[in-house]
Amino acid sequence: MEIIHLREEYIKLGQALKAANLVGDGAEAKLVIQDGQVKVNGEVDTRRGRKLYAGDLVSYDGNEIKIED
């Protein structure tokens with residue numbers, strides 16, 4: 001499990017995928033999110049700009065990202 005520590009109040013979903021090195025760039029992040037391949041807290045979310053806060057859990061392609069303060 002990858003852990004991302006917030007520098008701001010939140011991080012956007014696409015940015016979190018890039019920060020965890022699960023996608024190569026923003027275009028790839030957009031595609032996998034819009035294709036319904038990414039889950040936030042167990043539910044599919046197709047919004048690249050979805051704001052993630054401490055405690056959120058992102059799942060993609062067998063990997064998990066936990067958002068922490």
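The values are calculated or read from the model by the stated rules, or taken from the named source; none is laboratory data. These figures come from a predicted structure and were not determined experimentally. With ideal geometry, Cβ positions are generated from the backbone for all residues, glycine too; neighbour counts draw on all protein chains shown. SASA here: full protein model, heavy atoms, side chains in, ligands and nucleic acids out. Shrake-Rupley method; radii C 1.70, N 1.55, O 1.52, S 1.80 Å.
Where only DSSP H runs of four or more residues are counted, the chain gives -6000 deg cm²/dmol as its mean residue ellipticity at 222 nm, each run worth -39500 (n - 2.57). Taking the 1.4 Å solvent-accessible surface of the chain as the whole, the part contributed by carbon and sulfur is 39%. Most simply put, the chain has about 75% antiparallel DSSP beta bridges, counting only bridges with both residues inside it.
Taking every alpha-carbon pair under 8 Å whose residues sit at least 6 apart, the chain reaches a relative contact order of 40 percent. The heavy atoms of residue 50 present about 60 square angstrom of accessible area, all protein chains included, probe 1.4 Å. Within segment 40-69, find all residues whose amide N lies under 18 Å from a label point positioned 7 Å from the Cα of residue 5 along Cα-to-beta-carbon. Hits in segment 40-69 for residue 5 at 18 Å: 53-56, 65-69. Across the alpha-carbon atoms of the chain, the computed radius of gyration and Dmax are 10.4, 29 angstrom.
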